[in-house]
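Trainee: One structure follows; several queries about it will come next.
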Amino acid sequence: MAMGKKRKMRTRSRIREGRASGCGRGLRVALSAVLLVASLSCARDEFDRGGLERTEDLTESLANDLLAFSVEVRERNFDAVLGEYTAPAVRALPWPDSVPPTTELSPLVLHREWQVAGDAVELAGADWVDNLRAFVARFRSLEDVRFKVKGAKIDADTGAAAEANIKFFIVGRDESGRREWVKGTGEIEVARNEGERWRFTAFRPLTLYSKVAATELFSEIAFPAGVSAVAPAFGVGSNQGFVSHGAAAADVNNDGLVDLAASGVDQNYLYINEGNGRFRDASESSLVKFAPIGSGALFLDYDNDGDSDLFFAAVGLQVLLENRFVPSGKIEFWDVSEKAGVDREAVGFSAVATDVNRDGRTDIYVCSYNHYGTVMPNSWYRATNGTANLFFVNRGDGVFEEAAAEWGLQDTRWSYAAGFVDIDEDGDQDLYVANDFGENALYRNDGAGFTDVAGAMGIVDPGFGMGVDFGDYDNDGLLDLHVTNMSSTAGNRILKLLYPEQHEIRRVLGKQAAGNSLYRNQGDGTFRDVTADVRGLSGGWAFGGGFIDFDNDGRQDIYTPNGFVSGKSMKDT
């Protein structure tokens, strides 16, 4: 599945210019909070827009300084931590100086509860930094450190002092070389002089615990396995697009080994599994390298000749490559897009395939987005001005007929990902579509067409949908639904400033900052949202992912990849 990506954040001025109406122009915030506030300011004009903008600008400056502080901690640059981020005195609850024992959460994961209770004491700034340095020193290496603002009270008149609730995590290798993820929450007080960074004047951890890997699970082996590829940094050279790219796996030469295909910013790739833990780069010899660049990669046997062909959803004309291993015995892929009738325009982000009409031939559905930034959604959660999705019906003579409109599948809600599933167990494949700026759809297959029944089934899920998967998480024999969405600390922070917890607008728009959703199949044709029951699924800027039995214990776990553009300052994530 491809993971194309909207650029929800351009620059502040670009965001303002892109809005269709004048409402909310004054608010300048981070990540999807910009989108939320744009809707909020239209819905509630009576709030102090200027005051909110001032408060959120100050909060954003604190958030950015905390992220810059995080980088210095990650780099163990404690001279900068002392010189730029720490006041001469810090009233603090010291970081723990003894390592607590672990308890088993599962055969793969251990838990460690750190002791942070007690009264804050006055420390010299240098002593507090030394205390933090000592806590971090137990890590052999650091992979990531993040301190983030959950909510803040700031003197908006002077912009010189603030109190904030924060969350933070530290990920690295502990003293034994095991991977450890320290998570915590806390209260801080900060102050600053004009032109300087925010400096800690108080720091009190409230909760602090660790998850420790009981065993080494995965290692990065792309380079020795022969499947590493380096693209230019985002915004440099050929890497100017607004989509990311995807990969697919299949046995393309029928030798019993799984091969890989991937799309990239400068070319497509094909890697042939040699059976010894390594892959051979066959991108050029197979001609895949020379095909038009795609986004979502998908293997299918469209011509029923016994080998796997390769389809690319693409921004532009869609691409179909016929695998010529049958009949030639050579691993070559010929571009048959025009001949097969799939050379249709779309902002294709991903594609899925199945036999929709049960005629023994594989059909293809393409999720189509729009050119975000050039075209803006006409609603942040009920958009209808994306580009139309495509549905290619396989005629069996090597040609597909595009029939999305005839089948009721011409979704225009900025579609991102989809999944075929026989959700009503009637023998044909239904279709769930995760839409980014529009409500999601569950298209029930009625034999000669589809009907959107997501509302009746309780799975509209109006978040920033970017992934879908079905699995039986509670082992009751029924397929449940996981939807990947964005979660936004900044969005939740602003909603709390504007609306009480039970307010309808906060409930509706809060969904767009809440993260992934889990729906339990109730067995009566409806689903129940059980996300809160499983303590939330905040995955950040999340894509794709879904169910997998990670530890082979017979229960479905959930994996969620996430992230977007990142830089050393972290301000451009």
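Trainee: So if each residue of separation counts as 0.36 nm, and I subtract the Cα-Cα distance between Val258 and Asp301, what length gain in nm does that give?
Mentor: That works out to 14.0 nm of additional length.
Trainee: So what's the angle, to the nearest 10 degrees on a 0 to 90 scale, between helix 49-74 and the longest Cα principal axis of the chain?
Mentor: Once rounded, one gets 90 degrees.
Trainee: So, in nm, how far is label Arg54 from label Ala161 when the simple model puts each one 7 Å beyond its Cα toward the Cβ?
Mentor: 1.7
Trainee: What is the ratio of the Cα radius of gyration of the stretch 415-517 to 2.2 N^0.38 Å, with N the residue count, to two decimals?
Mentor: In units of the globular-protein estimate, the stretch 415-517 measures up at 1.20.
Trainee: Of the heavy-atom accessible surface of the stretch 211-318 (probe 1.4 angstrom), what whole percent is carbon and sulfur?
Mentor: Taking all protein chains in place, the stretch 211-318 shows 57 percent carbon and sulfur surface.
Trainee: Take the residue pairs Lys148/Lys183; Lys183/Lys496; Lys153/Lys496; Lys150/Lys183 and return only those whose Cα atoms are more than 21 Å apart.
Mentor: Distance filter (> 21 Å) returns Lys183/Lys496.
Trainee: Over the stretch 64-180, with a single point scatterer placed on each C-alpha, what log10 of the ratio I(q)/I(0) does the Debye formula yield at q = 0.09, 0.12, 0.14, 0.17 1/Å?
Mentor: For the stretch 64-180 at q = 0.09, 0.12, 0.14, 0.17 Å⁻¹, log10 I(q)/I(0) is -0.29, -0.51, -0.69, -1.01.
Trainee: When all protein chains stay in place, what accessible area (Å², nearest 10, 1.4 Å probe) is found for Trp407?
Mentor: Solvent-accessible area, nearest 10 Å²: 40 Å².
Trainee: Another question, if that's okay. Taking the solvent-accessible surface of protein heavy atoms with a 1.4 Å probe, what is the per residue accessible area of the chain in Å²?
Mentor: Normalised by residue count, the accessible surface of the chain is 43 Å².
Trainee: At 1.4 Å probe size, what's the solvent-accessible area of Arg528? Round to the nearest 10 Å².
Mentor: Around 100 Å² of this residue is reachable by solvent.
Trainee: Moving on. Take the alpha carbon atoms of the stretch 46-126, find their radius of gyration, then divide it by 2.2 N^0.38 Å using N residues; give the quotient.
Mentor: Taking N as the residue count of the stretch 46-126, the ratio is 1.58.
Trainee: Calculate for the chain the 222 nm mean residue ellipticity that helices alone would give, adding -39,500 (n - 2.57) per DSSP H run of length 4 or more and normalising by residue count, nearest 500 deg cm²/dmol.
Mentor: Calculated at 222 nm, the ellipticity per residue is -5000 deg cm²/dmol.
Trainee: Restricting the calculation to Cα positions, tell me the Rg (one decimal) and the Dmax (whole number) of the chain in Å.
Mentor: Radius of gyration, then largest Cα-Cα span, for the chain: 25.5, 80 Å.
Trainee: Taking the stretch 353-483 as the region of interest, what is the percent of Cα-Cα pairs per 10 angstrom bin, listed from the shortest bin to the one with the maximum distance?
Mentor: Distribution as computed: 13, 43, 32, 11, 1 percent.
Trainee: Considering only DSSP states other than H, G, I, E and B, which chymotrypsin sites (Phe, Trp or Tyr not before Pro) in the stretch 136-218 qualify as loop sites with at most 12 other Cβ atoms within 10 Å?
Mentor: Phe218
Trainee: Separate question: Where Rh denotes the Kirkwood radius from the mean inverse Cα pair distance, what is Rg over Rh for the stretch 289-426?
Mentor: My calculation of the ratio gives 0.99.
Trainee: For a quick check of understanding: with a 1.4 angstrom probe and all protein chains in place, what accessible area in square angstrom does Val243 have, to the nearest ten?
Mentor: 30
Trainee: Using heavy-atom solvent-accessible surface (probe 1.4 Å) with all chains present, what is the largest-first order of Ile166, Ile331?
Mentor: Descending order: Ile331, Ile166.
Trainee: To continue, here is another question. Given the Cα atoms of the stretch 129-168, and with Rh set as the inverse mean 1/r over their pairs in the Kirkwood sense, what is Rg to Rh to two decimals?
Mentor: Using only Cα positions, Rg/Rh for the stretch 129-168 is 1.16.
Trainee: With a 1.4 Å probe and all protein chains in place, put Glu122, Glu189 in order of accessible area, largest first.
Mentor: Result of the area sort, largest leading: Glu122, Glu189.
Trainee: Report the Stokes-Einstein translational diffusion coefficient (µm² s⁻¹, integer) for the stretch 223-327, Rh taken as the Kirkwood radius over Cα pairs, at 20 °C with viscosity 1.002 mPa s.
Mentor: 151
The values are calculated or read from the model by the stated rules, or taken from the named source; none is laboratory data. Since the structure is predicted, the reported quantities are computational estimates derived from the model, not experimental observations. Because the Cβ atoms are built from the backbone with ideal geometry, glycine has one as well, and the counts that use them run over all protein chains shown. Surface areas here come from the heavy atoms of the whole protein model, side chains and all, with no ligands, DNA or RNA. Shrake-Rupley method; radii C 1.70, N 1.55, O 1.52, S 1.80 Å.
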